[in-house]
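Read the structure below first, then the notes.
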Amino acid sequence: MRKGLRFLAVGAAAFGLVGLLPAAAQDDVFRVAAVSPSATNDLAFSQSMFDALTMLDEEMGDAFEFTFQEGTFIVDDAAVALRDWASSGEYDLVIAHGSQYGSVVEELANEFPEVAFAWGTDVNTFGLPNVSAYTVAAEQGGYINGALAAILSETGNIGVIGPIEVGDAKLYVDGFVSGVGATDPDATVNVTYIQSFGDVPLATEAATAFVSNGADVLSGTAQMVVGPIGVALENDLLWFGTQSSQAELAAESGVAFQVYRWDVVLRDLIADIGEGTLGGESYVLTLENGGVEMEVSEFTGLDEETLATVEETIAALSEGIISGEIVPLPELEATPEATPAS
């Protein structure tokens, strides 16, 4: 394992976290402030973090509080909030949930060395002892979703709508394409990056173009996927998602979703800060540590036999990826752990 990066331990009980609260929190309340680029109900990136914080709030009760500023896509606006939180001295952890916030985190962490910062998705801690970075092996769930898409597609024509070709979005799309290819080499996967995380009309247009070209399965990532999900529903196509569960919105079109469990990261961060370590580590969510979770839609229109095949395939592929027998992206095999810059 490379220095500065570790995989996360799972299963820390809520009562165990309470005993690890920072000494600075004199009232025994661990306080977190987080900023994100989109809404907490975006069914994607921001919701995944909001859901994780809400989960810890419910588990830890009065020993945990959090403030969440959503819809802060403009970096300068996020910088104002992050600076206010850091300078207030009221928070044990300040989270910048968006890769566009990296330069702000680096600047503020130098200015406020006694404040713990975390940001992602990225692996760069900037070599600072009070910065933690977090990311996700999104190619793992992407590979599984791609394999399922190849199995269930009747036309062998599959469309993927991506936002911008960076970070976990690119990993998911690349993993999805790899999963399709490994399962059905004759299938065709067409990928369109719309160069935006939140442009719903443009994402809808891209999905509609796939339908016109004969696709019967769609997938995508980022908050703009609400548009393509609507296209899938209108045209009786299958939908595979990532970041957060989209089961209710996708209804009978939904099949499986890769869900980011950021609570796994947060538990480790709380424990580390409680022991006096403000940062310096990068964290990766994976199938193995429970940070990547595959969910089969409870609203899917698949018949029982097909649904059983989906569940069996998820179990088998997950086991293969965890054991190392399956490498979702072979080109990453030589460096499976993202390494923070130093």
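Which condition does SER196 not pass, out of (1) closer than 30 Å to ASP28 by Cβ; (2) not assigned by TED's automatic domain parsing to the domain that holds ALA39, if it passes all the others?
Looking at each condition in turn, SER196 falls short on (1).
From the set of residues in the stretch 288-319 that are outside any strand (DSSP E or B), within 21 Å of the chain's Cα centre (by Cα) and without any contact (Cβ under 8 Å) to a residue 60 or more places away in the chain, which is nearest to GLN258 (Cα to Cα)?
Of all residues in the stretch 288-319, those outside any strand (DSSP E or B) come to 288-291, 297-319.
Next, only the ones that are within 21 Å of the chain's Cα centre (by Cα) stay: 288-291, 297-298, 314-315, 317-319.
Checking the rest, the ones that are also without any contact (Cβ under 8 Å) to a residue 60 or more places away in the chain come to 297-298, 315, 319.
Details: SER297: 11, GLU298: 14, ALA315: 13, GLU319: 15 Å.
Residue satisfying both the conditions and the ranking: SER297.
Each row is one residue, and each column tells you yes or no for (1) modelled with pLDDT of 95 or more; (2) out of contact with any Gly (no Cβ under 8 Å at 6 or more places or on another chain).
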site	(1), (2)
TYR134	yes, no
GLU139	yes, no
ILE144	yes, no
ALA150	yes, no
GLU154	yes, yes
GLY167	no, yes
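Taking ALA232 as meeting all but one of (1) touching a helix residue (DSSP H, G or I) at 6+ places or on another chain (Cβ under 7 Å); (2) more than 13 Å from ILE158 (Cβ to Cβ); (3) not polar (S, T, N, Q), write down the number of the exception.
(2)
Just to check your reading of the model, which residue among LEU43, LEU93 is touching a Ser or Thr at 6+ places or on another chain (Cβ under 9 Å), closer than 14 Å to ARG267 by Cα and surrounded by 22 or more Cβ atoms within 10 Å (Cβ to Cβ)?
Values: LEU43 fails: closer than 14 Å to ARG267 by Cα.
Among LEU43, LEU93, only LEU93 is touching a Ser or Thr at 6+ places or on another chain (Cβ under 9 Å), closer than 14 Å to ARG267 by Cα and surrounded by 22 or more Cβ atoms within 10 Å (Cβ to Cβ).
Sort out which residues of the stretch 208-217 are touching a strand residue (DSSP E or B) at 6+ places or on another chain (Cβ under 6 Å) and either part of a helix (DSSP H, G or I) or closer than 14 Å to GLU139 by Cβ (or both), and write them in order of number. Let's see the steps before the verdict.
Initially, the stretch 208-217 is screened for residues touching a strand residue (DSSP E or B) at 6+ places or on another chain (Cβ under 6 Å), giving 210, 214-215, 217.
Hit for the stretch 208-217 is PHE210, nothing else.
Wholly within the stretch 114-203, which strands (runs of 3 or more DSSP E) include no fewer than the required count, namely at least 3 residues that are surrounded by fewer than 18 Cβ atoms within 10 Å (Cβ to Cβ) and over 15 Å from the mean Cα position of the chain (by Cα)?
On the way: elements: 117-120, 131-136, 157-162, 188-193.
Correct list: 188-193.
Do we find a residue being modelled with pLDDT under 95, more than 20 Å from VAL131 (Cα to Cα) and part of a loop (DSSP other than H, G, I, E, B) anywhere in the stretch 50-72?
If we filter the stretch 50-72 for residues that are modelled with pLDDT under 95, which is where we start, we get none.
No, the stretch 50-72 has no match at all.
What number of residues in the stretch 218-251 are in contact with a strand residue (DSSP E or B) (Cβ under 8 Å, 6 or more places away or on another chain), on the phi > 0 side of the Ramachandran plot and either surrounded by fewer than 19 Cβ atoms within 10 Å (Cβ to Cβ) or of a type in the set (S, T, N, Q) (or both)?
Number of matching residues: 1.
The values are calculated or read from the model by the stated rules, or taken from the named source; none is laboratory data. Quick caveat: nothing in here was measured; it's all calculated off a predicted structure. Backbone-built Cβ (ideal geometry, glycine too); neighbour counts: all protein chains shown.
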